[in-house]
Amino acid sequence: MTPAGLYAALASASRCTPGCSDKDVVWQSGKLRLYRYRPLERSRARRSAAVPLLIVYALVNRPYMMDLQEDRSLIRGLLEQGLDVYLIDWGYPDGADRFITLGDYIDGLLGACVERILSAHGLRALNLLGVCQGGVFSLCYAALHPERVRNLVTMVTPVDFHTPDDLLSKWVRHIDVPAWVAKGNVPGDALNQLFLSLMPFRLSHQKYMDLFMDAPTQAQADTFMRVEQWIFDSPDQAGAAFEEFVISMYQENRLARNQLTINGRQVDLRTLKRPVLNLIGTKDHLVPPAASLALGPLVGSKDYTALEFALGHIGMYISARAQHEVPPAIARWLAQR
Amino acid sequence: MANDPWNQWKAFAEQTARAVPGALPIAELAGRFAAAARAYLEKSSQAPQSAADEAAAAFGNFLRDQAMACCRFPWSADSGGTAPAPWGPMADLPALGLSREHQQRWQRMADAALRVADAQRRLQTLWSDALRDAAAEFAARLSAGAGASDQADAHAPGSPRDAEARGSAALRRLYDSWIDCAERAYAAIAHSEPFSSALADFVNAGSSWRREFTASIEHGSKLIDLPTRGEINSLNARLMAVEEQLRTARRQPAAAAKRRPGPKAARASGVPAGRRARAKRAPRS
């Protein structure tokens, strides 16, 4: 591809929008949207019997990464396995949301989504899939409301925030977080700069050189730009919840110590007796594998499975390999329970 | 051209520069990297070992300087390299009289700015150390022969088109090797206590400066009767309290209704449930 062709391909790809699977808003509250994905034609029959699976995504990026495009969609993979998939979109917090707490997110909004789904299906418990920070939320919710969760899947989820290779944790340990947040929201751009600073040469330079060197097709340019959009489409963080999360997790490591409290109630991972599947990316630079693997000895469940994939944090959702391996692994594990 | 990513990069950046003039330095950077890498390959394949080592070190130093200039962090701002001018005797000027609160606020801001600059300088030094280490490791790798295949590739016989492709592959391996060295050296520094400490000082001093600056802005806003963020936060807190009271009030009747006997029980007693409750509460005469 000539430089002019590459320029045109990227310019054209700039107009690509992420998201490929059909979905409906089944509930909304404030900026939150709860989506239910429509079944694929070829897996429609299998879905009717499935216990719904609620995906809880992180606050720090947009959840469309779960369904980026047809050949790179964890959600599509799950639909193909016949699962009934729901997804929480937390929305973009603004200045009026600065006082939303972790309790509001976990007990309030996540809890309300679970109740809506259970009520619609006439069930007492559902399957929960938490991704990254959403995995932490799912762990907290499942520990506080074990009767509502039938099976728990965590994906690239940090549990022990003080492992030796956790750079973010080292960086924030001496920061005066309340002064930094200052009762405001934390700009998404500031977090992006932080994440890029973890591997500045690869993420700010080599990635773009690789694009030139590999002479991408239009389809590859489209994928690149969709991922690029996702990386930098970062919502501001509601100040109060962000402050709580950084102090409780990154500074004080309370989740791993069973010392975390949400709305005055202790989150004790030992109360988690339901089956747990923990999915780990061994090349994850954001959530070191050791930070996720710490979950095993902490949960009270006798049915705990850890699956490791030789993938990075983002590769766990969108790499070609993940499409073939991750959704079937989740579906198989759920089917056995 | 089609097989040479550096020329592609350069041409792409030149095209971008037509729309964004600021992109031109990127094009120049691509050209400089390609020229320096080719110069290294040329010298290292023809000279004795000492000259090859010298060429490797020169190439490493070139990359260090480029990275220093190109990677922009909050701590690599231009002001990071020089000590900020002290505020002089004003810094300790006793605050007296009508303006004492304002003077103290400005003194605190000046102090915070000094601390920001100090932390920025420490970070800049650490960043510079990381790049120095990266350049040293890169040069050592090249001298140890890691670049031998690149040199062989670049100079192997074949058609001009093959030679161009091999040359580009060699450049890419050099580039990837540099990125590896740079990331390793940076990670070693970034995981260190001095880096975390300097970063925290940088953020904390910045927070202090912002707090005082916000206070100044709020003071000015009040003088011309504009709403301030503090007032909006206060209203927000009141609204949340009212919402919580409303939720509690809604929950209470529902809970009370659950506690009340159902219609069957009420009918059995012959007294409507509400009246029965009131009758229970009524004092006996």
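Every number in this text was worked out from the coordinates using simple rules, so none of it is lab data. If you're wondering where the values come from, they're calculated on a predicted model, not measured in any experiment. Methodologically, a virtual Cβ is constructed for each residue, glycine included, from the backbone with ideal geometry; neighbour enumeration extends over all protein chains shown.
So what are the ³J(HN,Hα) numbers for region B:99-108, from phi and the Karplus equation (6.51, -1.76, 1.60; θ = phi - 60°), rounded to whole Hz, Gly and Pro as x?
Coupling constants for region B:99-108: 9, 4, 5, 5, 4, 5, 4, 5, 5, 5 Hz.
How much length is gained if the chain between residue A:306 and residue A:290 is pulled fully straight, taking 0.36 nm per residue apart and subtracting their Cα-Cα distance, in nm to one decimal?
Details: separation 16, 0.36 × 16 = 5.76 nm, distance 1.17 nm.
The span from residue A:306 to residue A:290 would gain 4.6 nm if fully extended.
With a/c under 1.5 counting as rounded, go ahead and sort region A:1-142 into rounded, prolate or oblate using the C-alpha gyration tensor (a ≥ b ≥ c being the square roots of the eigenvalues; past the cut-off, prolate if a/b is larger than b/c, else oblate).
Here region A:1-142 falls in the oblate category.
Pick from A:286, A:203, A:78: which is most flexible by mean-square fluctuation in a GNM of chain A where alpha carbon atoms under 10 Å apart are linked?
Fluctuation is largest for A:203.
Provide Rg over Rh for chain A; use the alpha carbon set for both Rg and the Kirkwood Rh (inverse mean inverse pair distance).
0.95
Would you mind getting the Kirkwood hydrodynamic radius of region A:113-205 from its Cα pairs, rounded to one decimal in Å?
Roughly 16.1 Å, rounded to one decimal.
How large is the Kirkwood hydrodynamic radius of region A:177-322, in angstrom, based on all distinct alpha carbon pairs?
Evaluated over region A:177-322, this radius sits at 18.1 Å.
A 27 angstrom limit on the alpha carbon distance is what I want to check against. Which of A:207/A:283; A:170/A:207; A:31/A:170; A:207/B:43; A:170/A:283 exceed it?
The pairs that break the limit, which is 27 Å between Cα atoms, are A:31/A:170; A:207/B:43.
Pull up all non-local amide H partners of residue A:261: gap of 5 or more, or a different chain, and H-to-H distance under 5 Å with H placed in the peptide plane.
For residue A:261, whose amide H was placed from the backbone, the distant partners under 5 Å are A:267.
Separation of region B:183-199 and region A:202-238 by C-alpha centroid, Å?
Taking the Cα centre of region A:202-238 as reference, the centre of region B:183-199 is 26 Å away.
Name the long-range amide H neighbours of residue A:26: under 5 Å, sequence gap of 5 or more, or other chain; modelled H, no Pro or chain starts.
Correct list: A:34, A:35, A:36.
Over region A:127-249, what is the relative contact order in whole percent, taking alpha-carbon pairs under 8 Å and six or more residues apart? Could you put the intermediate results ahead of the total?
Values: 99 pairs, mean separation 32.5, N = 123.
The normalised contact order for region A:127-249 reaches 26 percent.
At a Förster radius of 22 Å, what calculated FRET efficiency corresponds to the Cβ-Cβ distance of residue B:58 and residue B:184, to the nearest 0.05?
0.60
Collect residues whose amide H, placed 1.01 Å from N in the peptide plane, falls under 5 Å from the amide H of residue A:278; neighbours closer than 5 in sequence don't count.
A:154, A:305, A:306, A:307
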